[in-house]
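Trainee: I'd like to ask you about the structure that follows.
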Amino acid sequence: MKSLFLVLMAAVLMGCASAGDQSQSNYDPSYKLSEVAVLSEGHFGLEKDAITQALRPTFKKYGRPRLFISGQMSSVDEPMAEWLYGQGLVRKKIGLPGHTFWRIEGQGLQGKFKPMKAAHLVYNRQDLKRLDTPLRAIGDLNRRGQTFTVFERAQEDLIIVTINKTEDLPETSKFDDIKFFEN
């Protein structure tokens with residue numbers, strides 16, 4: 001009886017150990033749309049539905065990003081410059097947030113001294129195995145909605161999707177270039 005109990009206990013423990021191993025090996029380090037919506041809701045202070053609607057085409061096209069960057073940006077010190085400087089947090093699902101700075105060049109960005117909230121989804125092209133020819137057509141895609149404007153662009157080995165409130169940059173027609181800098 002005692003040996004049967006030990007055999008059953010060993011089987012249960014082995015089953016628990018293998019279940020634990022399975023859950024670790026199935027962990028996905030990328031963000032679901034619902035997770036990005038929750039992070040964005042806290043950042044922008046708006047309902048999840050608006051950001052979900054704005055980003056649904058991006059997730060359909062590229063899938064899940066591994067990086068979510070949120071922060072604020074403004075013209076800082078040059079009223080006629082066609083760029084904005086930003087600073088914020090880089091989030092990965094595993095690990096603590098890090099700090100980053102960025103500079104966005106584009107059109108219609110002059111004189112934006114009031115800090116405005118922005119977020120970026122960053123995709124590595126090598127992770128996008130299901131995309132073949134659509135990468136050639138990325139260029140500058142601008143989707144304007146009632147609440148958010150979404151700019152997509154290919155840059156080096158990355159695809160960067162930038163989201164801002166439409167009311168903050170109503171006359172901006174495109175973001176040409178973005179560079180991130182580590183702290």
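The values are calculated or read from the model by the stated rules, or taken from the named source; none is laboratory data. Since the model is a prediction, treat every value here as computed from it, not as a measurement. Neighbour counts run over all protein chains shown; Cβ positions are idealised from the backbone, glycine included. In case anyone asks, the SASA skips ligands and DNA or RNA and just uses the protein heavy atoms, side chains included. Shrake-Rupley method; radii C 1.70, N 1.55, O 1.52, S 1.80 Å.
Trainee: Looking only at the stretch 62-76, which residues are open to solvent by less than 60 Å² (accessible area, probe 1.4 Å) and not in a strand (DSSP E or B)?
Mentor: Residues satisfying the conditions are TYR62, GLY63, PRO65, SER75.
Trainee: Also: One residue is enough: does the stretch 80-92 have a residue meeting the conditions at pLDDT 85 or above, outside any strand (DSSP E or B), acidic (Asp, Glu) and surrounded by 13 or more Cβ atoms within 10 Å (Cβ to Cβ)?
Mentor: Yes, the stretch 80-92 contains at least one residue that is at pLDDT 85 or above, outside any strand (DSSP E or B), acidic (Asp, Glu) and surrounded by 13 or more Cβ atoms within 10 Å (Cβ to Cβ).
Trainee: Give me the pairs, please: first residue somewhere in the stretch 96-111 and part of a strand (DSSP E or B), second residue anywhere and hydroxyl-bearing (Ser, Thr, Tyr) and surrounded by 15 or more Cβ atoms within 10 Å (Cβ to Cβ), beta-carbon distance under 9 Å, and either six or more positions apart or on two chains.
Mentor: PHE101/TYR85; TRP102/TYR85; ARG103/TYR85; ILE104/TYR85; ILE104/THR162; GLY106/THR172; GLN107/THR172
Trainee: So which pairs qualify, if the first residue must be in the stretch 26-45 and within 10 Å of LYS93 (Cβ to Cβ), the second must be at pLDDT 95 or above and of a type in the set (Phe, Trp, Tyr), the Cβ gap must be under 9 Å, and the two must be at least 6 apart or on different chains?
Mentor: So the pair list comes out as TYR31/PHE68; GLU35/PHE68.
Trainee: Considering only the stretch 142-165, state which residues are more than 11 Å from ALA54 (Cα to Cα) and not in a strand (DSSP E or B).
Mentor: Residues satisfying the conditions are GLU156, ASP157.
Trainee: Between residues in the stretch 157-183 that are on the phi > 0 side of the Ramachandran plot and modelled with pLDDT of 85 or more and residues that are among the hydrophobic types (A, V, I, L, M, F, W, C) and surrounded by 15 or more Cβ atoms within 10 Å (Cβ to Cβ), which pairs lie under 9 Å by C-beta distance while being six or more apart or on different chains?
Mentor: Qualifying pairs under 9 Å: none.
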